[in-house]
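Visitor: Here's a structure for you.
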Amino acid sequence: MATLHLTADKVNPLKLATDGQTIYRDTKLEGFGLRVGTQRKAYFVEKRVDGRTVRHTIGIHGQITAEEARRLAGIKLGELTAGKDLNAEKRDRVLARVAAKAAKAAAAEYTVEALCDWYVKHQRGLGKQSATDAAGIFAKHVNQSAFAALPARELTAKQATALIRTVVEAGHARTAAKLRAYLRAAYALAQGADTNPQAPAALVLFGVETNPVASTAAIKNAAGTRDVTLTDEELGEVLRLLAARRTVSHDDALAALELSLILGGQRLAQVLRITAADVDCEAATVTLFDPKGRRIVARRHVLPLTATALELVNTCMAVRRAEWLFGDKAVQTNKDTVARKGVELLAEAQANIARRTKGRAPTRPKIEARDLRRTAETMLAAMGVSKDTRAQLLSHGLGGVQDRHYDQHTYMSEKRAALVAWEARLIALRDRTPLASNVRELNRAA
């Protein structure tokens, strides 16, 4: 390596290297040197510290003079002798730049929208039917909001409130309540991902430490509770319309609505998921799967098929276009489609009654498809079907310890008796005839 007394008159004439670099060591101050590269000349100090050579750049020639570099070299060599790490600040700056770049990349990847997507994926993996509902609500009210691209860990309670308030102010209190529930669950899952082996590992990378949605106020009066039930005349008219439609052509949505009613008022979402494998024509049963609540595995809900129900199921089996009974090869019939067609049918039923009575009947509230389930249970209760049998028939109120772990009775005979009596009641309402003489209402439980 070359040596040179590093003064201005010696350094100024030095030409830049054409390739690589040339090192010049000062002849007067040991450890002081000059590095000449292809683009610049840089002063440095160099010294062995703790068994390794430490080189530290002082400055660039032209930005500082040779005299300034020599003075600084004396100071820096003294610091090196004292054991100071002169390159720590440079390393910290580099690490800070790397960390900032990583944080920027993480902010772009681990957003509120991405967290919602992961939650939906996790719920679908568990077989939760609510995942589809959550995906739709997130797509409409989160992904199109100003907070979608915000890093998930940075969302505040005030911002979460603003997000939910937008839906409330649009007049959709029930949807707002669902949005709050799903978003709160998504944050709870991410917050506990560190210690939850069942949570996706990717959620740990979101770095969520608090749940901003947990401190938002619950949406009051958003349950959408209704107490509307159909009258005998309304239910009879609905049954007549369904029968009339069926004689003209098969409609998956209306068939699902009718089967739900014949089976005692089953949930439409569960009826729409019936596949050919769920139907046992020889045993005259159909199996629904009830995922509601916090069940990890959907509850098997086996129902006997009465003659009317079996006839309808056989019709659906004959015209089905996929493994499921309702829908085409690509997708099952959507419950919103059933609800829409149900509303149209129910409105027609009420209009027919109004024409016949010429306005003499009392004003009735508009009936909806979801009122059929409530109507069925109300009428079954009036017929003397016990509360326990109704719970088994409609698969609700079975979350207690006794029902989940101890009572393993299938209740098939009780459900069959109830559905046979219900079938007779529906036929009588449809045909405007009294119950057949050989059909008795069930004895009310003591």
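The values are calculated or read from the model by the stated rules, or taken from the named source; none is laboratory data. These numbers were taken from a predicted model, which means no experiment stands behind them. Positions of Cβ are backbone-derived with ideal geometry, glycine not excepted, and every protein chain shown enters the neighbour counts.
Visitor: Condition check: over 16 Å from the mean Cα position of the chain (by Cα) and not hydrophobic (A, V, I, L, M, F, W, C). Does residue 161 satisfy that? Can you show your working first?
Guide: Values: over 16 Å from the mean Cα position of the chain (by Cα): yes; not hydrophobic (A, V, I, L, M, F, W, C): yes.
It is true that residue 161 is over 16 Å from the mean Cα position of the chain (by Cα) and not hydrophobic (A, V, I, L, M, F, W, C).
Visitor: Can you tell me how many residues in the range 248-278 are surrounded by 19 or more Cβ atoms within 10 Å (Cβ to Cβ), of a type in the set (Val, Ile, Thr) and either under 25 Å from the mean Cα position of the chain (by Cα) or at pLDDT below 95 (or both)?
Guide: Selection size over the range 248-278: 2.
Visitor: Of the residues that sit in the range 130-153 and are assigned to a helix (DSSP H, G or I) and among the aliphatic types (A, V, I, L, M), which one is farthest from the chain's Cα centre (by Cα)? Can you show your working first?
Guide: Going residue by residue through the range 130-153, those that are assigned to a helix (DSSP H, G or I) are 130-141, 152-153.
Now narrow it down to the ones that are among the aliphatic types (A, V, I, L, M): 131, 134-135, 137, 139, 152.
On the way: 131: 5, 134: 4, 135: 5, 137: 8, 139: 10, 152: 15 Å.
Checked the range 130-153; the qualifying residue farthest from the chain's Cα centre (by Cα) is 152.
Visitor: Further, regarding this structure: Go through the range 77-104 and count every residue that is within 59 Å of the chain's Cα centre (by Cα) and in a helix (DSSP H, G or I). First the steps, then the outcome.
Guide: To start, the set of residues in the range 77-104 that are within 59 Å of the chain's Cα centre (by Cα) comprises 79-80, 83-104.
Going one step further and asking which of them are in a helix (DSSP H, G or I), we end up with 79-80, 88-104.
So the answer is 19.
Visitor: Going through the range 124-170 one residue at a time, which ones are out of contact with any strand residue (DSSP E or B) (no Cβ under 8 Å at 6 or more places or on another chain), at pLDDT 90 or above and among the small types (Gly, Ala, Ser)?
Guide: Of everything in the range 124-170, those that are out of contact with any strand residue (DSSP E or B) (no Cβ under 8 Å at 6 or more places or on another chain), at pLDDT 90 or above and among the small types (Gly, Ala, Ser) turn out to be 134, 135, 136, 139, 145, 146, 157, 160, 162, 170.
Visitor: Looking only at the range 146-165, which residues are crowded, with 17+ Cβ neighbours inside 10 Å and either of a type in the set (D, E, K, R) or farther than 22 Å from residue 191 by Cα (or both)?
Guide: Residue satisfying the conditions is 153 alone.
Visitor: I would also like to ask the following. Can you report the number of residues in the range 266-284 which are β-branched (Val, Ile, Thr) and over 22 Å from residue 372 (Cα atoms)? Don't jump to the end; show me each part of the working.
Guide: Step one: list which residues in the range 266-284 are β-branched (Val, Ile, Thr), which gives 271, 274-275, 279.
Still in the running and over 22 Å from residue 372 (Cα atoms): 275, 279.
Total meeting the criteria: 2.
Visitor: Pairs needed: first member in the range 116-132, in contact (Cβ under 8 Å) with a residue 12 or more places away in the chain and more than 17 Å from residue 148 (Cβ to Cβ); second member anywhere, crowded, with 19+ Cβ neighbours inside 10 Å and among the small types (Gly, Ala, Ser); C-beta distance under 7 Å; at least 6 residues apart or different chains.
Guide: Short answer, once both residue conditions are applied: 129/269.
Visitor: Here's another thing I want to ask about it. Within the range 323-366, track down each residue that is under 24 Å from the mean Cα position of the chain (by Cα) and part of a helix (DSSP H, G or I).
Guide: If the condition is that a residue be under 24 Å from the mean Cα position of the chain (by Cα) and part of a helix (DSSP H, G or I), then 335, 336, 337, 338, 339 are the ones that fit.
Visitor: Any chance the range 243-265 includes a residue that's in a helix (DSSP H, G or I), touching a His at 6+ places or on another chain (Cβ under 6 Å), more than 24 Å from residue 374 (Cβ to Cβ) and assigned by TED's automatic domain parsing to the domain that holds residue 390? Before you say what the answer is, go through the steps one by one.
Guide: In the first step, residues of the range 243-265 are kept if they are in a helix (DSSP H, G or I); the result is 243-248, 252-262.
Narrowing the set further to residues that are touching a His at 6+ places or on another chain (Cβ under 6 Å) leaves none.
No, every residue in the range 243-265 fails to be in a helix (DSSP H, G or I), touching a His at 6+ places or on another chain (Cβ under 6 Å), more than 24 Å from residue 374 (Cβ to Cβ) and assigned by TED's automatic domain parsing to the domain that holds residue 390.
Visitor: Which one of these is over 28 Å from residue 337 (Cβ atoms) and either at pLDDT below 90 or not assigned by TED's automatic domain parsing to the domain that holds residue 329 (or both): 217, 283, 223?
Guide: On the way: 283 fails: either at pLDDT below 90 or not assigned by TED's automatic domain parsing to the domain that holds residue 329 (or both); 223 fails: over 28 Å from residue 337 (Cβ atoms).
None of the other options fit; the residue is 217.
Table: residues versus (1) surrounded by 13 or more Cβ atoms within 10 Å (Cβ to Cβ); (2) modelled with pLDDT under 90; (3) at positive phi.
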{"residue": "387", "(1), (2), (3)": "no, no, no"}
{"residue": "395", "(1), (2), (3)": "yes, yes, yes"}
{"residue": "417", "(1), (2), (3)": "yes, no, no"}
{"residue": "423", "(1), (2), (3)": "yes, no, no"}
{"residue": "428", "(1), (2), (3)": "yes, no, no"}
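Visitor: Then there's this: If a residue must be of a type outside the set (S, T, N, Q), surrounded by 13 or more Cβ atoms within 10 Å (Cβ to Cβ) and assigned to a loop (DSSP other than H, G, I, E, B), how many such residues does the range 291-322 contain?
Guide: 7
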